[in-house]
Amino acid sequence: MSRAEILKSIGKHKPPRRSLPEIPVFDTPNPDLLQQFRQVSEGIEGTVIRISGRVEISKAIHEKFSDVQQIAVSRSSFFPKALELKNFNDPHQLADVDVAILTGQFGVAENGAIWLRETDLVHRAAPFICQHLVIVLHEKQLVANMHQAYQRIQIDDNGYGVFIAGPSKTADIEQSLIIGAHGARSLTVLLSEEEC
Amino acid sequence: MNHSQSSEKFLRDKQRTGWHDASLWFVREKRDAVAKAVPEWETLRTLASEIKQQVLSDLDQYLISFEKNAQKNGVHVHWARDGKTHNEIVFNILQKHHARSLVKSKSMLTEECGLNEFLLANDIEVIDTDLGERIVQLAEEPPSHIVMPAIHKKKAEIGELFHQTIGTEKGNSDPAYLTEAARQHLREKFLRAEAALTGVNFAIAETGGVVVCTNEGNADMGVHLAPLQIHSMGIEKILPRAEHLGIFLRLLARSATGQLLTTYTSHYHRPKPGGEMHIIIVDNGRSEQLGQEKFRQSLCCIRCGACMNTCPVYRRSGGHSYGSVIPGPIGSILTPGMPIGGHPDLPFASTLCGSCNDVCPVKIDIHQQLYHWRQHSEIRQAAAPGKKRLMQFAAWLFSHPQAYRLAGKTARLFLRMLPRKAIYHRWNHWGLSRELPVAPRESFREWYDKNEGKK
Ligand code: SF4
């Protein structure tokens, strides 16, 4: 009932049809995307650590998180003896995960965002419910801005996909920026020279 | 109470008014800094405005293809012509799943529909999960800003509120401590919620999915943990294609809080394995507004809140003074045309300085619309009676030159001779915070006649 009424009302009231504007190419003059990505990520309270490749992931994790109990990974090769996300049946069981290590598809230099798809997350809740999030990103996989980002992805190739830029935060109490609202309390990006 | 009466109440606490004004101006300055750093900013605004207007010109077709694509993705699509229908749809979905608890992430639309009150009356536990929204929910107040719902509250008040409602230590109002307490309190709610509901920032016609932006991660905590997810959207949230997100996302967070992007930009297309996903498309007066040529552009709004942060009236009167779900400049042009309206005084809650137009990322002609609303017959009735009489008198005076000259002479004389008290008293609102210049002895006309006219 509502459907027909709404569509009829829109049909009656809408203005004459216009056409969509052409979208120009927005090229960023800065060629050093890596430097920009690092700088912006740190500006939004993220931590960026350069690593040579997969072999250095566990060392970086040990240094950054000395006393964590539970580490969960999307790929078993990321960390020895870590729990594999695929072995959790229910996302509620992830409530005790201290550190989750996931792979990002690519980063966006202008805002520090990283694109992750459902397949990268294993459980959609993983990057939110864990206390600390680590994203492994190949340093060659960077784009300049959001226009290029959307050219690269098919937003519906997975049932869910997300850009993550920094740790969870809020400024709802007197505009004081507090890191760690409901999602991860910290974000560490492991920028890898080799593909992991 | 109308806007000017409520603002007067707000203004009585001078210190708070100054603090409120400064907090919002701080956000405005952050916005300016990041906007200026994007060389193509103005091009982006123009494109965003053109895209939104094109969407409005073909809105029914876009909604039909959005629905078709969403259904292909296994999403249940519902349509609600008004707020009541929307609430009933939500309630029916919850009942079908025997869900008795709902976690909500920020949605001005559900505020507009009065969803919380409706569900609570039907024995459903509703928890707002955005920190600011949770604060105002616990305080039993409406949000006072669309992006920063508790911007009117001081931390000491929040500390006391949390002490009484969620058991934090008495006297502790450290924002980090209070945020941590809210995190623990809400985490427990997320873990046992049976359903989650979010608003929608953008709905993509070509893919049938919705995009939600948050900094806290509350939308995702809710949606991914509860088996049932519901997204409520106004009909105007449509964008034709995914590539358009690039433009709107670059504008939204920069305009809203001076961030480059919100922490999380989530794209929901299909239900999670074993879950169910619903989208409710709500009209509630929007399609009528679409028919009003002078006012339809207000439907392009992406709810960034920039027009509030910049507005000299909003900053000094507070969001609650508007008495409408959406306050500030955009609220003052949306509300009079909506079925929930009933705020004909709002178009007068503006200085028409035009600052809102300058910051609006989709270039809505807000102050022109405010002006047009003032010309509307029903709205005109709402002007304060004193002001109306004064205007009628002014119209008469300006059309009778002799009377005008006499009045000028008399006024100049009296302004020089009367004691201060006669002008600066409590019935003359104008004089409460202003000083008159010293009245000259002769008018321009007298001077002209003497010096030039006689030549
Ligand atoms: S009218 Fe413009 S500035 Fe105001 S909230 Fe909407 S989009 Fe933002």
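For chain B, taking a cut-off of 4.7 Å between Cβ atoms, the unpaired cysteines are B:113, B:213, B:300, B:301, B:304, B:311, B:353, B:360. The label point for residue B:141 and the one for residue B:9, both projected 7 Å from the Cα toward the Cβ, are 1.1 nm apart. Note that the protein assembly as shown presents 43 Å² accessible area per residue, ligands and nucleic acids not counted, probe 1.4 Å.
Placing pseudo-labels 7 Å out from each Cα toward the beta carbon at residue B:165 and residue B:442 gives an inter-label distance of 6.8 nm. For the protein assembly as shown, the carbon plus sulfur part of the accessible surface works out to 52%, probe radius 1.4 Å. Considering the protein assembly as shown, its Cα convex hull presents a mean projected area of 34.5 nm². Exposure check, 1.4 Å probe, all protein chains in place: residue B:174 carries approximately 80 Å² of accessible surface. Which of the three applies to segment B:1-122, rounded, prolate or oblate, going by the alpha-carbon gyration tensor with a ≥ b ≥ c and a/c under 1.5 meaning rounded? The shape class here is oblate.
Averaged over the residues of B:75-81, the number of partner chain Cβ atoms lying within 10 Å of the residue Cβ comes to 3. Distance from the alpha carbon centroid of segment B:227-296 to that of segment A:152-196 works out to 20 angstrom. Ligands, DNA and RNA aside, residue A:40 has an accessible area near 20 Å² when probed at 1.4 Å.
Multiplying the residue separation of residue A:12 and residue A:35 by 0.36 nm and removing their Cα-Cα distance gives an extension gain of 3.0 nm. For residue A:90 and residue A:140, the FRET efficiency from 1/(1 + (r/R0)^6), where r spans their Cβ atoms and R0 equals 41 Å, is about 0.70.
Measure off 7 Å from each Cα along the Cα-to-Cβ vector at residue B:371 and residue B:46, then give the distance between these two points in nanometres to one decimal. Computed distance between label sites residue B:371 and residue B:46 equals 2.2 nm. Sparse packing (at most 14 other Cβ atoms within 10 Å of the Cβ) combined with a DSSP loop state is found for the following trypsin sites (Lys or Arg not before Pro) in segment A:43-98: A:81.
With semi-axes defined as the square roots of five times the eigenvalues of the C-alpha gyration tensor, the equivalent ellipsoid of segment B:38-284 measures 30, 23, 15 Å, largest first. Counting other Cβ atoms within 10 Å, which GluC sites (Glu not before Pro) in segment A:1-99 have at most 11 and lie in a DSSP loop? Those satisfying the criteria are A:22. Of A:174, B:117, the order by accessible heavy-atom surface (1.4 Å probe, DNA, RNA and ligands excluded), from most exposed downward, is B:117, A:174. Geometric descriptor of chain B, per residue, is 180 Å³ (volume of the convex hull of the Cα atoms). Per residue, chain B reaches -15000 deg cm²/dmol at 222 nm when only DSSP H runs of four or more residues are counted, each adding -39500 (n - 2.57). So, in Å, what gap is there between the alpha-carbon centers of segment A:58-108 and segment B:76-98? Comparing the Cα centres of segment A:58-108 and segment B:76-98, I get a distance of 38 Å. These residues, B:417, B:1, B:221, go from largest to smallest accessible area, 1.4 Å probe, as B:1, B:417, B:221.
Between residue B:29 and residue B:410, how high is the FRET efficiency from 1/(1 + (r/R0)^6) when r is the Cβ-Cβ distance and R₀ = 60 Å? Nearest 0.05. The value I calculate is 0.80. Buried surface between chains A and B: roughly 6900 Å² of accessible area, summed over both sides, computed with a 1.4 Å probe on protein heavy atoms only.
Hydrodynamic analysis of segment A:87-196 uses the Kirkwood radius over alpha carbon pairs. Inserted into Stokes-Einstein at 4 °C and 1.567 mPa s, it gives a translational diffusion coefficient of 88 µm²/s.
The values are calculated or read from the model by the stated rules, or taken from the named source; none is laboratory data. Remember, predicted model here, so these are calculated numbers, not experimental data. Positions of Cβ are backbone-derived with ideal geometry, glycine not excepted, and every protein chain shown enters the neighbour counts. Each accessible area value is taken on the protein alone, full model and side chains, heavy atoms only, with ligands, DNA and RNA left out. Shrake-Rupley method; radii C 1.70, N 1.55, O 1.52, S 1.80 Å.
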